[in-house]
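Beneath this line is the structure, given in structure tokens, with notes to follow.
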Amino acid sequence: MEVACSVFLGPERSYMTILEFSLLVCGSSLLAGLVGALTGLGGGVVLVPLLSLLFKVDIRYAIGASLVSVIATSSGAAAAYVKEGFSNIRIGMFLEIATTLGALLGANLAARVSTHAIAIVFGVVLLFSAYFSRKPRSQAERDVPPDPLATRLRLNGSFPDADGPRSYNVQHVPTGWALMFGAGALSGLLGIGSGAMKVLAMDQAMKIPFKVSTTTSNFMIGVTAAASAGVYLNRGYIDPGLAMLVMLGVLAGSLLGARILIKVHTKWLRLGFSLVIVLLAIEMLYSGLSGRI
Amino acid sequence: MLPERSWSDQRIENLLGNLLRVGVLLSAVVVLSGGVIYLLRHGQSAVDFRVFRGEPEDLRDLRGIIRDSLELRGRGIIQLGLLLLIGTPVARVAFSIFGFAKVRDRMYVVFTLIVFSILLYSLLGSA
């Protein structure tokens, strides 16, 4: 608390009241949600480092609160996407078997491993998400023949395009499923949506069109996070006083972000946000390795 | 794909979208009301999230959360709102079971039932 305390209140007071803390955390969460929505990177990845490094909240409380906010933003966004007809509910449901099983594993791991280990894994995942946010996405046309397994599972679909519906064929189902299990485990362990890894599994491995991948990923994030949130709640890792601030702040920020999305030039914002993520990653790694978290 | 089936799919997706929106809005309102009560009563106390103690028993399960909410305790009401939020994707999955059953997609009814059981296990059985 000293860091946040001396920054915001000056050196003469050594404690912070719940009201002051609430306003600061709610404001930070709003900003994280706003930037997360504007850059498309999601606010979840910066929330846990922010809470544990700046506000010195125990990382398990921070993860519990972040999970709750992930459910709120993904459900809010998914509500808009399913109506547009981009997300594929069959792909989503089939892969949710993998992500929810992974989430149970991750949430149970979170209770068993040390907070240092969680901080270190978090740092590594932050570095990866910064890297992937800089990587240009594949725009190539995909004219691939139907895969027998994907056809049996009825995963192939179509989405609305400028000139009518365009169909696509899904590939490499087992690889995608395994990656999704990993994404779910990270989500449960770290309290993030792990949207980047879900998109990676669908877009890169399963060759699903990018727009379908991102919207379906968003659709799945809420269910994945709900699977681990149940475990966190039962274990007493979800503190209402903290979770309400993060949930309401991030939700308000992301709704605001969705409204002004079109007007902002996001290139520099993405670059800046990636830099913040790298800095937080280094700080998380350092804190974890030196045993301060 | 038959036009009739895609119409049904589209209809299901619209209903799902509305379900998600209502769930998130409702939980946000409940969490906010609990938060206001909590801050009015405890806003001036010193904050301490630094040491991890875990939440008391009554904030961990459904029965305790409902009892606390009925007594108009701020933290209990917030927790009830958070439970509604966690329940929203679960309700979405439950609803999808009926959706897939309606278009006679037996394979996906089974897939959805698996996801639903995993979610129920996490909420009720993982204590």
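Each value in this text was obtained by applying a stated rule to the coordinates, not by laboratory testing. Computed from a predicted model, the values in this text were never measured in an experiment. With ideal geometry, Cβ positions are generated from the backbone for all residues, glycine too; neighbour counts draw on all protein chains shown.
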| remark: Net charge near B:Gly125 (other residues with Cβ under 14 Å of its Cβ; Lys, Arg +1; Asp, Glu -1) is +1
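Please average, across the residues of B:17-29, the number of beta carbons from any other chain that are within 10 Å of each residue's own beta carbon, and give a whole number. Walk me through the intermediate numbers first.
Values: counts 10, 3, 3, 11, 6, 1, 6, 13, 3, 0, 6, 8, 0.
For peptide B:17-29, the averaged partner shielding equals 5.
Please give me the summed charge of the neighbours of A:Ala110: other residues whose Cβ is under 14 Å from its Cβ, Lys and Arg +1, Asp and Glu -1. Before the final figure, lay out each step's value.
Numbers: positive: A:Arg60, A:Arg112, A:Arg235; negative: A:Asp58.
Residues close to A:Ala110 contribute a combined charge of +2.
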| Which ordering of A:Phe122, A:Phe273 is given by a fewest-first count of other beta-carbon atoms within 10 Å? | A:Phe273, A:Phe122
| What is the Cα coordinate range of segment A:2-289 on the first, second and third principal axes, sorted by size from largest, in whole angstrom? | 69, 44, 30
| note | Partner shielding of B:93-102, taken as the mean number of other chain Cβ atoms within 10 Å, equals 2
| task | Working from Cα positions, state the angle (0 to 90°, nearest 10) between the long axis of helix B:3-42 and the longest principal axis of chain B. | result | 0
| said: Quick check for segment A:2-289: number of Lys pairs with alpha-carbon distance under 22 Å, counting only pairs 8 or more apart or on different chains? | reply: 10
| message | Using only the alpha-carbon atoms, how far is helix A:59-84 inclined from the longest principal axis of chain A? Give it as 0 to 90 degrees, nearest 10. | response | 40
| request: Report the longest stretch of chain B that contains none of the trypsin sites (Lys or Arg not before Pro) sitting in a DSSP loop with at most 13 other Cβ atoms within 10 Å. | output: B:54-103
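Out of every Cα-Cα pair in segment A:66-119, what percent are more than 19 Å apart? Don't jump to the answer; show the numbers that get you there.
Values: 678 of 1431 pairs.
More than 19 Å apart: 47 percent of the Cα pairs in segment A:66-119.
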